[in-house]
1. In segment 181-194, which residues are within 19 Å of the chain's Cα centre (by Cα) and more than 13 Å from Thr123 (Cβ to Cβ)?
2. Being more than 13 Å from Ala201 (Cβ to Cβ), at pLDDT 95 or above, under 11 Å from the mean Cα position of the chain (by Cα) and not basic (Lys, Arg): is that true of Ser106 here?
3. Examine segment 107-121 for a residue that is touching a strand residue (DSSP E or B) at 6+ places or on another chain (Cβ under 6 Å) and at positive phi, and state whether such a residue exists.
4. Within segment 121-140, is even one residue within 24 Å of Thr260 (Cβ to Cβ) and polar (S, T, N, Q)?
5. Which count do you get for residues in segment 237-271 that are at pLDDT 95 or above, outside any strand (DSSP E or B) and of a type in the set (S, T, N, Q)?
6. Every residue in segment 101-148 that is among the acidic types (Asp, Glu) and either touching an Asp or Glu at 6+ places or on another chain (Cβ under 9 Å) or closer than 24 Å to Tyr269 by Cα (or both), please.
7. Collect the residues in segment 218-236 that are among the β-branched types (Val, Ile, Thr) and modelled with pLDDT of 95 or more, keeping them in residue-number order.
8. Taking segment 96-135 as the region of interest, how many residues are assigned to a strand (DSSP E or B), within 21 Å of Leu255 (Cα to Cα) and among the polar types (S, T, N, Q)?
Amino acid sequence: MLAVTLLCQVLLATAAFAIPTSKERFAQRAARRSTGIAHQSQPKALSQGAHQVDNLLTNTSHVEYSSNWAGAVLVASKATYKSVTATFTVPTPKEPSGGSGTHSASAWVGIDGDTCGTAILQTGVDFTVSGSSVSYDAWYEWYPDYAYDFSGITFSAGDSVTVTVTATSKTGGTATITNNSKGKTVSHTFSGQPSLCEYNAEWIVEDFESGGSLVPFANFGTVTFSGASATTTSGSTVGPSGATLIDIEQSNKVLTSVSTGSNSVTVSYTG
């Protein structure tokens, strides 16, 4: 009997050690990236530069300035958001003028992170350039946890990609990415996560964090989110027209230009 008990304890201990912690999963994810870049998104951070101050004083523009987000955000007034989707063409990132080393940017859709910063459901694609080498990574994230790579899907410049997040509840949902050009779809299901507010629907190009600081921002050219729409909890579907526009401003320099249509969001790097 004692031998059986000891054997069970050993097996349980072995199983416990076999289950990776969130830190271990993050380390594994980081090791998979040949560039050494590991992605963590953050809620929108307002820039404190001159453009942001002028905008707050005059209140004549519907543009905000952020150090990490560029794109469009819908903010719920009554109905809240349960799904966001869009399609974009994978760009060829370049090093910015005068830049060298590794630079990255990420295009994604998500729920929350603007007026609600406690949790974000999001999925997207990172673009990284290092010298003459370009790489792409598809990922899913329920902030404040780290992002995790999808496996079994690859991208090339010019591929058409559809990204979708759906909140089935405030603590669970799905993240789905389809490479339309290669006919491949991957998906991840979340449960038991920190609660969403479902106040925000967004289409974003981000300067994400790695190791606690923003990565050097790549010249991503232009990303156009077409077929951009959000579904509310009441069942209606809305586009990004009239959304709050956000441009990235770093060191008092605006690096992006954003515009919207009835079903599109265009984010261009202006450097």
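1. Those that are within 19 Å of the chain's Cα centre (by Cα) and more than 13 Å from Thr123 (Cβ to Cβ): Ser191, Gln193, Pro194.
2. Yes: the conditions hold for Ser106.
3. yes
4. Yes, segment 121-140 has at least one match.
5. 3
6. If the condition is that a residue be among the acidic types (Asp, Glu) and either touching an Asp or Glu at 6+ places or on another chain (Cβ under 9 Å) or closer than 24 Å to Tyr269 by Cα (or both), then Asp112, Asp114, Asp126, Asp137 are the ones that fit.
7. Thr222, Val223, Thr224, Thr231, Thr232 - these are the residues of segment 218-236 that are among the β-branched types (Val, Ile, Thr) and modelled with pLDDT of 95 or more.
8. 5
The values are calculated or read from the model by the stated rules, or taken from the named source; none is laboratory data. Computed from a prediction, not measured in an experiment: that's the story for all the values here. Cβ sites come from the backbone with ideal geometry, for glycine too, and all protein chains shown count toward neighbours.
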